[in-house]
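Heads up, the thing below is written out as structure tokens.
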Amino acid sequence: MDSSEVIFIVLLALVGLVVGSAVNVAIVRVPEGASMITSRSKCLSCETELAIRDSIPVLSWFMLRGKCRTCAARISPRFPIVEFITALIWAMLAAYALEHETLGLLPLLLIASAILIALFVIDLDHKRLPDRLTFLMYPVVLIGFVIDGLSTGNWPIGSALIGAAVWLLPIGGMWFLSAGRGMGMGDVKLAPALGLILGWISVGSAVAGLILAWLIGGVVAIGLIIFRRASSGSAIPFGPFLVIGFWLGVLIGAALSEGYLGAVIN
Ligand SMILES: [Zn+2]
């Protein structure tokens with residue numbers, strides 16, 4: 001990796017921090033049905049508008065020691081964590097795109113990941129995936145495909161559609177069979193968007209990503225039941241696992257599925 005590539009990754013991580021702030025705004029405002037752009041961010045306790053110096057990603061939280069400057073109410077560490085995770089994922093996707101020479105798909109992966117981080121946290125908080133964010137994925141996917149298609153000359157539309165089906169059918173089936181209890185309608189709406197992107201990379205990526213989502217979801221559910229954090233009847237939101245499966249599908253899905261096929265053929 002040469003120095004220009006390192007600079008590229010660091011720059012995207014810094015932009016990721018700022019985008020992480022916007023993700024935090026979405027996490028607070030979208031479930032309330034509030035506008036994303038009309039007003040400045042406020043303290044959730046005293047509603048004082050935040051000054052610029054108190055709006056610097058990650059740093060402001062540490063400088064304020066996790067307390068509002070006006071009312072001293074505790075500010076959740078989740079805010080800097082979301083900003084940091086967004087930066088980390090942006091840096092990882094940038095490094096991956098450089099190594100695999102797939103820069104054409106990078107804009108889509110970055111924007112989709114920002115939306116998915118918001119959906120991840122909202123699903124944990126509210127046990128739902130708001131349509132406003134889920135349906136935003138589809139135009140983002142479409143524009144991302146056009147950017148990648150024009151830059152590479154490849155248009156793997158058939159593969160993308162297979163990926164969408166690979167994700168939609170099992171998750172839609174689970175929703176149908178469990179009458180909406182095991183799997184929410186929000187998961188069913190989100191799944192094809194993730195399958196489209198993974199399928200555009202490769203059908204193997206889509207299959208591997210979905211299997212990993214299911215495996216990790218199963219392990220965590222069993223863990224929660226063993227440690228009595230959840231009963232076997234309580235609902236564990238599945239959206240976060242879809243999101244984790246998507247990222248793993250992007251980063252290691254193709255390698256996993258090729259390794260598996262290689263082992264089967266040999
Ligand atoms: Zn305050």
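Treating each Cα of segment 1-101 as an identical point scatterer and summing with the Debye formula, the log10 of I(q)/I(0) at q = 0.12, 0.13, 0.24 Å⁻¹ comes to -0.46, -0.53, -1.24.
Normalised by the number of residues in segment 102-180, the average gap of Cα pairs under 8 Å and 6 or more apart makes the relative contact order 34 percent. In the chain, a dipole from Cβ-located charges (positive for Lys and Arg, negative for Asp and Glu) runs towards its positive end, and of Val82, Phe246, Leu106 it is Val82 whose Cα lies farthest in that direction. Rounded to the nearest 0.05, the FRET efficiency derived from the C-beta distance between Ile157 and Ala72 at R0 = 51 Å is 0.40. Were the residues from Leu224 through Tyr138 laid out at 0.36 nm apart, the gain over their Cα-Cα distance would be 27.7 nm. Modelled spin-label separation between Ile147 and Met185, with each label point placed 7 Å from Cα along the Cα-to-Cβ direction: 3.2 nm. With all pairs of different C-alpha atoms in the average, the Kirkwood value for the hydrodynamic radius of the chain is 19.7 Å.
With Cα atoms defining each centre, segment 92-137 and segment 171-222 are spaced 15 Å apart in the structure. Distance between the pseudo-spin-label points of Leu169 and Ser45 (7 Å out from Cα toward the beta carbon): 5.3 nm.
Bridgeable lysines around Lys42 (alpha carbons under 27 Å apart, same-chain partners fewer than 8 residues away excluded): Lys67, Lys127.
In the chain, the DSSP-assigned H stretches of four residues or longer account for a calculated mean residue ellipticity at 222 nm of -22500 deg cm²/dmol, using -39500 (n - 2.57) per stretch and the full residue count as denominator.
Bear in mind these aren't lab numbers, they're just calculated from the coordinates by the rules spelled out. Please read all numbers here as calculations on a predicted model, not as lab measurements. Cβ coordinates were reconstructed from backbone atoms using ideal geometry, including for glycine residues, and neighbour counts include every protein chain displayed.
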